[in-house]
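Engineer: Below is a structure I'd like to ask you about.
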Amino acid sequence: MSIRLEHIEKHFGRSQALSPTDLDIANGELIGLLGPSGSGKTTLLRIIAGLETPDANPRTRILFGERDVTRVHVRDRRIGFVFQHYALFRHMSVFDNVAFGLTVLPRRERPSSGEIRTRVLRLLEMVQLSHLANRYPAQLSGGQQQRVSLARALALKPEVLLLDEPFGALDAKVRQELRRWLRHLHDELGFTSVFVTHDQEEALELSDRVVVMSNGRIEQIDTPEALYRSPANRFVFEFLGDVNLLEGEVRDGVLTCGDAQLKADLPEGRQELLLRPHEIELATTPDESSHLPATVTAVVPVGAEVRVELSADWMNEPWLASVRHEQASQLTLARGSRVYARALTWHHYPAPSASVQPSLAASY
Amino acid sequence: MQRIGDTRWVRITLITAAVGLASLFLLLPLLAIFAQAFAAGINTFVSNVTDHFTLAAIGLTLVIAALTIPVNLVFGVMLAWLVTRFSFPGRRLLQTLIDIPFAISPVVAGLIYLLLYGRNGWVGGWLDSHDIQLMFAWPGILMVTIFVTCPFVARELIPLMQAQGSREEEAAVTLGARGFTLFRRVTLPNIRWALLYGVILTNARAVGEFGAVSVVSGAIRGETNTLPLHVELLYQDYNTVGAFASAALLALIALFTLAAKALLEWRAAPREAHS
């Protein structure tokens, strides 16, 4: 079922949690709402669910398909909702938790107890927890509890599934596993899903499209590839991965900051450049376009690459560079080594204000 | 390694002091009540307890408690629900108002009711012209008892419901649960032990309340005399054995309450341990 949000705004007391927001979600899409805490992503999700009411405004509309649900109560919106901390009914067994939605249906819509049983067992099978049907939530691990809560949310066959930081409280390995499993479930059952996360990796890996939010505003809506390739503004760029910052004075096409220099075809004056760790190469000598001397402060092999931490007087924050293993051993990198960083490419956003249109990301 | 202050002599001194004080101030008076009640033999005790006026006092006390509990149960749950599940202007003020009956001396509470609802009072005058008498009758006793005990249930529930939060209820609502179903199947099971505990405390106080009741009751024997008032009346009549027989009954109710409370705590403990 498609979801359309028009002019959604929300204040809590005097503080604005969400500035007027529009969003269109296609039928069967898996959407990630990504942002730091306080960005309004959870508020937006809860408004879609009906757990929170948007500020009253005649232009505010929430549509599920053709159905206007703006003034429809949560219980009648027929959504599935998964809470960050599972919110399982602690006094009910796993079976009763999953059966809850079916057992509170009005009598004429309620399936027979035999049918409820079959459906619950099928759901438990789907989340691979049939053997724990009689356990209580407190006896389950976090990952198991979250699977129960998913099965519970799916019991009424909702066409919209909303998940509030569903994997936030789980450890990395379980999270990875559940992510893949949710993607699979989504593709198989074909519902429309919206999930909230503050983890860019999770958003990029799981979503069809990512909605990046900050300060109660949508910064960019795009597919993970497009988002990573061309961030709309500096906030999105910085939020999507590690960033190294070079700030200095530009004169005659050269940016200077202390003893660091980099050729940069930018307007004269104070400018900031951003570089991803993989856009930095390390060498023993400077080249004609950059002179960025630094000292290695840490060398950490992580998987396919080596993360090198650099420091220098001209940096405000230490830089991170990721280099290939061969290169690292070729340069014999160790703590205290003197190296020169070379910028393979860099990015520049004209003003710190996030609302300004993006400029081209320059590269040479 | 030895903990600080954990020497043999400190331990012995502290334990002796605790046991000594507990015996002197708690256990001894309780034993004295029963000793006095049975001082003239078991037959006197029985005849004192089965005395017409004593039986009437027992009956009135139990009726008052039986009426107070459901009123406070409903009131307490609604208040706790309101305060912990909704945010509205004046919520904090309401939370403070709940404690008024704790802060006010029961005698003062009784006097206020007398001034308001007595024959010469603001409301009482109007009621009197319609032939309704609240003061110096059982409705008055009920009213002040409800006033004095009304914080108990809410005070037990509010911290618990605050700690549990409303996530489970939200989950139930997203699954389509409606008002009373939601309360019966999700809220109530989570608060039932605290609720029962609140009821036990309410009962103990309703049975034992003296100050407020004595102001509004008029202590008419066989009509508006509750058990605690009866104890005092008998004592003033120099019927010491009779007074202590009734006091023993009150003490028994108290002991029963304590046992019920201990049982509840014992039952609730393992659940809390694994949740």
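Engineer: Tell me, what is the Rg over Rh of segment B:108-205, with Rh the Kirkwood radius over Cα pairs?
Structural biologist: Using Cα coordinates only, the ratio equals 1.20.
Engineer: Where Rh is the Kirkwood radius over the Cα pairs of segment A:242-343, the temperature 37 °C and the viscosity 0.692 mPa s, what D in µm²/s does Stokes-Einstein return?
Structural biologist: 239
Engineer: Straight-line reach from A:K157: which lysines have a Cα under 25 Å away, not including same-chain ones fewer than 8 places off?
Structural biologist: List returned: A:K41.
Engineer: Enter the Cα centre distance for the pair segment B:120-186 and segment A:20-62, rounded to the nearest angstrom.
Structural biologist: Comparing the Cα centres of segment B:120-186 and segment A:20-62, I get a distance of 38 Å.
Engineer: Positive end of the charge dipole of chain B (Lys, Arg +1 and Asp, Glu -1 on Cβ, about the Cα centre): tell me which of B:I42, B:G5, B:F102 has its Cα farthest that way.
Structural biologist: After comparing all options, I get B:G5.
Engineer: Count charges around B:H230 for me, please; just the other residues with Cβ under 11 Å from its Cβ, Lys/Arg as +1, Asp/Glu as -1.
Structural biologist: -2
Engineer: If you plug each phi of segment A:30-37 into the Karplus form 6.51 cos²θ - 1.76 cosθ + 1.60 with θ = phi - 60°, what whole-Hz ³J(HN,Hα) values come out, in order, with x for Gly and Pro?
Structural biologist: 10, 10, x, 9, 10, x, x, 5
Engineer: I'd like to know which of B:L24, A:G253, B:T54 lies farthest towards the positive end of the charge dipole of the protein assembly as shown, counting +1 on Cβ of Lys and Arg and -1 on Cβ of Asp and Glu.
Structural biologist: After comparing all options, I get B:T54.
Engineer: Output the DSSP H helices from chain A with an along-axis C-alpha extent of no less than 15 Å and a mean Kyte-Doolittle hydropathy no less than -0.5.
Structural biologist: Length and hydropathy pass: A:113-126, A:142-154.
Engineer: At 1.4 Å probe size, with no ligands or nucleic acids counted, give the accessible surface of B:I132 in Å², nearest ten.
Structural biologist: Surface accessible to solvent at B:I132 totals approximately 80 Å².
Engineer: Report, in debye and to the nearest 20, how large the dipole of the protein assembly as shown comes out about its Cα centre when Lys and Arg carry +1 and Asp and Glu carry -1 on their Cβ.
Structural biologist: With Lys and Arg at +1 and Asp and Glu at -1, about 2280 debye.
Engineer: Given DSSP loops and a limit of at most 12 other Cβ atoms within 10 Å, what is the longest stretch of chain A that contains no such trypsin sites (Lys or Arg not before Pro)?
Structural biologist: The answer is A:109-334.
Engineer: Give the accessible area for B:L55 in Å² (nearest 10); use a 1.4 Å probe, count only protein heavy atoms, and leave out ligands, DNA and RNA.
Structural biologist: 90
Engineer: Can you tell me how much longer the chain between B:L255 and B:H52 gets when fully stretched, taken as 0.36 nm per residue apart minus their C-alpha distance, in nm with one decimal?
Structural biologist: Taking 0.36 nm per residue and subtracting the Cα distance, the gain is 70.6 nm.
Engineer: Mind checking the log10 I(q)/I(0) for segment A:255-314 at q = 0.19, 0.23, 0.24 Å⁻¹? Debye, one equal scatterer per Cα, no solvent, two decimals.
Structural biologist: -0.83, -1.13, -1.20
Engineer: Any aspartates and glutamates with Cα under 15 Å of the A:K10 Cα? List them, leaving off those in the same chain fewer than 8 positions away.
Structural biologist: Within reach: A:D22, A:E52, A:D55.
Engineer: Okay, next question. Which one of B:V49, B:V153, B:V108 has the biggest mean-square fluctuation once chain B is modelled by GNM with Cα springs under 10 Å?
Structural biologist: In the Gaussian network model the winner is B:V108.
Engineer: Provide the percentage of antiparallel DSSP beta bridges, counting only those with both residues in the protein assembly as shown; round to the nearest 5.
Structural biologist: Restricted to the protein assembly as shown, the bridges split so that about 75 percent are antiparallel.
Engineer: While we're looking at this one, here's another question. Check every DSSP H run in chain B and write down those whose alpha carbon atoms cover 27 angstrom or more along the long axis and whose mean Kyte-Doolittle hydropathy is 1.6 or greater.
Structural biologist: Those that pass (Cα extent of 27 Å or more, hydropathy at least 1.6) are B:52-85.
Engineer: About the Cα centre, and with charges only on the beta carbon of Lys, Arg (+1) and Asp, Glu (-1), how big is the dipole of segment B:132-275? Nearest 20 debye, please.
Structural biologist: 460
Engineer: First select every other residue whose beta carbon is under 13 angstrom from the beta carbon of A:E177; then total the charges, Lys and Arg +1, Asp and Glu -1.
Structural biologist: +3
Engineer: Ok, one more. Using a probe radius of 1.4 Å on protein heavy atoms only, what is the accessible area buried between chains A and B, both sides summed, to the nearest 100 Å²?
Structural biologist: 2100
Engineer: Let me ask another. Which value, in debye to the nearest 20, describes the size of the charge dipole of segment A:3-238 about its Cα centre when Lys and Arg Cβ atoms bear +1, Asp and Glu Cβ atoms bear -1, and nothing else is charged?
Structural biologist: That gives a dipole near 920 debye.
Engineer: Report B:D6's accessible area, 1.4 Å probe, all protein chains in place, as a number in Å² to the nearest 10.
Structural biologist: Rounded to the nearest 10, that gives 40 Å².
Engineer: Something else now. If one puts a single equal scatterer on every Cα of the protein assembly as shown and applies the Debye formula without solvent, what log₁₀ I(q)/I(0) results at q = 0.07 Å⁻¹?
Structural biologist: Each listed q maps to, in turn, -0.72.
Engineer: Can you sort B:R119, B:R267 by 1.4 Å-probe accessible area, starting with the largest?
Structural biologist: These residues rank, largest area first, as B:R119, B:R267.
Engineer: Can I ask one more? Taking N as the number of residues in chain B, what is its alpha-carbon radius of gyration divided by 2.2 N^0.38 Å?
Structural biologist: For chain B, the normalised Cα radius of gyration is 1.23.
Engineer: Also, quick follow-up: Using +1 at the Cβ of each Lys and Arg and -1 at the Cβ of each Asp and Glu in chain A, identify which of A:V127, A:P231, A:L163 lies farthest towards the dipole's positive end.
Structural biologist: Farthest towards the positive end: A:V127.
The values are calculated or read from the model by the stated rules, or taken from the named source; none is laboratory data. Small disclaimer: the values here were computed from a predicted structure and weren't measured. Please note: Cβ atoms are built from the backbone with ideal geometry, for glycine as well, and neighbour counts cover all protein chains shown. Ligands, DNA and RNA are excluded from the accessible area calculation, which covers all protein heavy atoms including side chains. Shrake-Rupley method; radii C 1.70, N 1.55, O 1.52, S 1.80 Å.
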